[in-house]
Amino acid sequence: MTGIKTDSDLEQLGINTIRGLSMDAPHAAASGHQGTAMALAPLAHVLFTRVLRYSAKHPDWFNRDRFILSAGHASILQYAMLHLTGYDLTLEDLKEFRQL
């Protein structure tokens, strides 16, 4: 990966990826609030990489932590994080965000 020199660069790439996904899906759907999800990207990155206990391979794990996002208009943030952390949510699924 060109341009990735430090852990900080890698973290910023992760945050920017979350922001990109959070921007694209609501824009394509003409529904949702990109600003909230983009603003929360650093928080979500820290929670999912350093704080929350979860297993994408075992989504029914009883002792997992739960991430509850009460702002429904920013739900793309949760979907983006599920996709990026390995849950069964594809990029194609994200492209169908609020399209049904």
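Are there chymotrypsin sites (Phe, Trp or Tyr not before Pro) in the chain that DSSP puts in a loop and that have at most 16 other Cβ atoms within 10 Å, and which ones?
Listed in order of number, the matching sites are 61, 62, 67, 87.
Loop only by DSSP, 12 or fewer other Cβ within 10 Å of the Cβ. Give me the trypsin sites (Lys or Arg not before Pro) in segment 50-100 that pass, ordered by residue number.
Loop-located and lightly packed - 53, 57, 66.
Over the Cα atoms of segment 49-100, what radius of gyration and what Dmax do you get, in Å?
For segment 49-100, the Cα-based Rg and Dmax read 11.8, 34 Å.
Need the C-alpha centroid separation for segment 1-29 versus segment 63-100, integer Å.
Computed from Cα coordinates, the inter-centre distance equals 15 Å.
Quick check: from the Cα gyration tensor, does the chain come out rounded (a/c under 1.5), prolate or oblate?
oblate
In deg cm²/dmol and to the nearest 500, what is the mean residue ellipticity at 222 nm of the chain if only DSSP H runs of at least 4 residues count, each as -39500 (n - 2.57), divided by the residue total?
Theoretical 222 nm ellipticity from helices: -14500 deg cm²/dmol.
Okay, which of segment 7-49 sit inside 15 Å, backbone N to the point 7 Å along the Cα-Cβ direction of residue 85?
15, 18, 41-49
Contour minus end-to-end for residue 5 and residue 98, with contour as 0.36 nm per residue of separation and end-to-end as the Cα-Cα distance?
Taking residue 5 through residue 98 to full extension adds about 29.8 nm, to one decimal.
Which length gain, in nm to one decimal place, applies between residue 66 and residue 28 when the Cα-Cα distance is subtracted from 0.36 nm times their residue separation?
This chain segment gains 10.9 nm when fully extended.
Just how large is the dipole of the chain about the Cα centre, in debye to the nearest 20, putting +1 at every Lys and Arg Cβ and -1 at every Asp and Glu Cβ?
220
Taken together, the values in this text are just the output of simple stated rules run on the coordinates, not laboratory data. Given the structure is predicted, the values throughout are model-derived calculations rather than measurements. So basically every Cβ, Gly included, is an ideal-geometry build from the backbone, and we count neighbours across all protein chains shown.
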